[in-house]
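Taking it in order: structure first as structure tokens, then the write-up.
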Amino acid sequence: MPALNDQREAMMKNAHRKLGIELSLFDMSPHAAGMVAWYPKGYYIFNRIEDYIRQQQQAFGYQEIKSPVVGKAELWQLSGHFDKYREEMFFLGNDAEAMALKPMNCPFHISVFEQLCPSYKSLPLRLSEFGMCHRNEPSGALNGLLRLRQFHQDDGHIFCREDQIQQELSDFVEMLYRVYQKFGFAASDIRVDISLRGKNRAGSDEIWDRAERILQEGLAMLDIPFDLLPGEAAFYGPKVEFALRDAPGREWQCGTFQLDFVLAERLDVGFINEQGEREHPVILHRAVLGSLERFIAILLEHYQGKLPVWCNPDAISIIPVSSQHEKRANEVAEALSALSLAVSVDTSENSMSYRVRHHFKRKGNLAIIIGDKECESGLLSVRDKKSQRQVSLADLLGELE
């Protein structure tokens, strides 16, 4: 157990809030309790992650939308969120009608479905949004990026028919595992559960029986082991939950895939089927990361601040030995920047060894030294925290691409 204890000790010393200040990533805004103020480097991380998720969702057929941040109180009453989230919602008022900041995106996505999908021929319809949500969390429950009053979800809703659920589950799982691997989490780092019905639920036992069976059969067909969590389901249907195990050994529930036979009927939205009759769609509520802010906190603590090169705001520092090497340093920087990596050229008057140490102190990935030998040979002297090697620019680009 000593190694695990050492990891936990390191994690406690490098909690994401401490790293946020040390690396100039963010702070918890003193002017808006429970909300984050991103600094340039922190917002770089946020945008890199959002762009990557957007790219993956587009590859899997999602159409991105943007919904309002505020909705009429009657919308949340009709959807059922008012009863469930009333104590956690921010309400606004004016002379005409009560309004509320949205705690989630579902009702707006359902409204978009109703406008875009008149016929079964348009199914499945996959909508995604990096939706800004607000929840009035108690002040004592706030915990840096892990629990906020304002956060962004990589939210998505798939509108389909029952015979399309299994394929959508399969596609979602493929995307989710691909994304987690990009962040350095292997399949063995992922625990899968299915949350089953609780006392507070909508819909009949027959509907819940069918929904729970579909999810269990779907994961079995994909050969994914899972555990059952009785009484843990959300209000509208059972949910597959994906939890990541980080370096200190903690588990974080991130991805979700909820099967909902209820909400479309409750909001009375539908499409015209082959027989010319109106039919309610199945709604699949899904997220890969959940809250982007919370996922960034998980990454910072998992990597102790040294993020993967593709999303690290201090990824690569190029260090020319003297001013006569700056031209080559800038050429290398331009080539690496074309890969959308964060690259800087350190031309300060500090010693080369100081500049290398300073880069790694900022949790950088690679330091590239360019002096006479490198300019003559055409090779780059590439250092990480533990080793040094000589490599061509072409080979380095191939490694990082």
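When the range 210-228 is examined, which residues are found to be open to solvent by less than 80 Å² (accessible area, probe 1.4 Å) and of a type in the set (D, E, K, R)?
210, 212 - these are the residues of the range 210-228 that are open to solvent by less than 80 Å² (accessible area, probe 1.4 Å) and of a type in the set (D, E, K, R).
Tell me whether the range 115-122 contains one or more residues that are basic (Lys, Arg) and exposed (fewer than 15 other Cβ atoms within 10 Å of the Cβ).
Yes: the range 115-122 contains one or more residues that are basic (Lys, Arg) and exposed (fewer than 15 other Cβ atoms within 10 Å of the Cβ).
Conditions tested, residue by residue: (1) farther than 16 Å from residue 41 by Cα; (2) under 33 Å from the mean Cα position of the chain (by Cα); (3) of a type outside the set (Phe, Trp, Tyr).
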site: 334; (1), (2), (3): yes, yes, yes
site: 342; (1), (2), (3): no, yes, yes
site: 354; (1), (2), (3): yes, no, no
site: 357; (1), (2), (3): yes, yes, yes
site: 364; (1), (2), (3): no, yes, yes
site: 372; (1), (2), (3): yes, no, yes
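Condition test on residue 342, is it open to solvent by less than 40 Å² (accessible area, probe 1.4 Å), within 20 Å of residue 20 (Cα to Cα) and touching an Asp or Glu at 6+ places or on another chain (Cβ under 8 Å)?
Yes; evaluated as a whole, the condition is true for this residue.
Would you check which residues across the range 384-401 are open to solvent by 60 Å² or more (accessible area, probe 1.4 Å) and either aliphatic (A, V, I, L, M) or not in a loop (DSSP other than H, G, I, E, B) (or both) and list them?
If the condition is that a residue be open to solvent by 60 Å² or more (accessible area, probe 1.4 Å) and either aliphatic (A, V, I, L, M) or not in a loop (DSSP other than H, G, I, E, B) (or both), then 388, 389, 390, 394, 395, 399 are the ones that fit.
Residues of the range 48-89 being without any contact (Cβ under 8 Å) to a residue 24 or more places away in the chain and open to solvent by less than 40 Å² (accessible area, probe 1.4 Å), which ones?
Answer for the range 48-89, where residues must be without any contact (Cβ under 8 Å) to a residue 24 or more places away in the chain and open to solvent by less than 40 Å² (accessible area, probe 1.4 Å): just 82.
Given the criterion open to solvent by 30 Å² or more (accessible area, probe 1.4 Å) and either charged (D, E, K, R) or touching a residue at least 12 places away in the same chain (Cβ under 8 Å) (or both), identify the matching residue among 205, 193.
Answer to the selection: 205.
Would you tally the residues in the range 30-62 being under 26 Å from residue 172 (Cα atoms) and within 17 Å of the chain's Cα centre (by Cα)?
17
For the range 289-300, how many residues meet the condition of being open to solvent by 10 Å² or more (accessible area, probe 1.4 Å) and not in a helix (DSSP H, G or I)?
2
Considering only the range 246-288, state which residues are among the charged types (D, E, K, R), assigned to a strand (DSSP E or B) and over 15 Å from the mean Cα position of the chain (by Cα).
Across the range 246-288, the qualifying residues are 251, 260, 278, 279.
Please enumerate the residues belonging to the range 314-324 that are open to solvent by 10 Å² or more (accessible area, probe 1.4 Å) and more than 16 Å from residue 384 (Cα to Cα).
Answer for the range 314-324, where residues must be open to solvent by 10 Å² or more (accessible area, probe 1.4 Å) and more than 16 Å from residue 384 (Cα to Cα): 321, 322, 323, 324.
The values are calculated or read from the model by the stated rules, or taken from the named source; none is laboratory data. Keep in mind the model is a prediction, meaning the values are calculated, not measured. Reconstructed Cβ throughout: ideal geometry from the backbone, glycine too, with neighbour counts over all protein chains shown. Accessible surface areas use protein heavy atoms only, side chains included; no ligands, DNA or RNA. Shrake-Rupley method; radii C 1.70, N 1.55, O 1.52, S 1.80 Å.
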